[in-house]
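The values are calculated or read from the model by the stated rules, or taken from the named source; none is laboratory data. Computed from a prediction, not measured in an experiment: that's the story for all the values here. Don't worry about glycine lacking a Cβ; one is built from the backbone with ideal geometry, like all the others, and counts go over all protein chains shown.
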Amino acid sequence: MTYRVGHHSTSDDSTKYRDRKEVDHYHTMDNPITRLRRYMEVQGYWTQEQETELKAHTKKEVMDTFKRSEKKKKPAVEDMFTDVYDELPPNLVKQRDELIRLVNEYPEYYNADDHEKMFSH
């Protein structure tokens with residue numbers, strides 16, 4: 001069994017309906033990852049040195065990926081409208097058209113250089 005130690009969402013404050021001590025207990029003592037790591041250490045399958053090395057390697061890999069990703073251009077602005085519906089509903093057509101109008105009318109507020117392209121049409 002697992003226990004959700006985090007909030008449901010950024011707008012949720014689970015301390016309103018759960019005691020902080022309960023959450024801390026599950027986060028530290030009854031955490032399935034912690035339990036598995038302890039079991040593996042007792043069995044001789046894993047060491048603290050391996051844990052430290054893995055965490056350092058993983059952190060470096062994640063940071064390198066962030067750096068590479070931040071250098072890439074963002075996709076076309078209109079892509080936010082193209083990958084959910086086969087046919088765009090009228091309310092989203094209106095929003096897309098309004099966005100196109102605003103970008104064209106106020107280009108100084110929209111940095112086109114950050115994107116592969118702003119719009120395909």
Can we say ILE33 is of a type in the set (A, V, I, L, M) and touching an Asp or Glu at 6+ places or on another chain (Cβ under 8 Å)? no
Checked the range 56-108 for anything under 19 Å from the mean Cα position of the chain (by Cα) and small (Gly, Ala, Ser); matches are SER69
What number of residues within the range 1-48 satisfy the criterion of being modelled with pLDDT of 90 or more and hydrophobic (A, V, I, L, M, F, W, C)? 4
Name the pairs: first residue in the range 65-92 and at pLDDT below 90, second residue among the β-branched types (Val, Ile, Thr) and in a loop (DSSP other than H, G, I, E, B), Cβ to Cβ under 9 Å, at least 6 apart or on different chains? ALA76/THR82
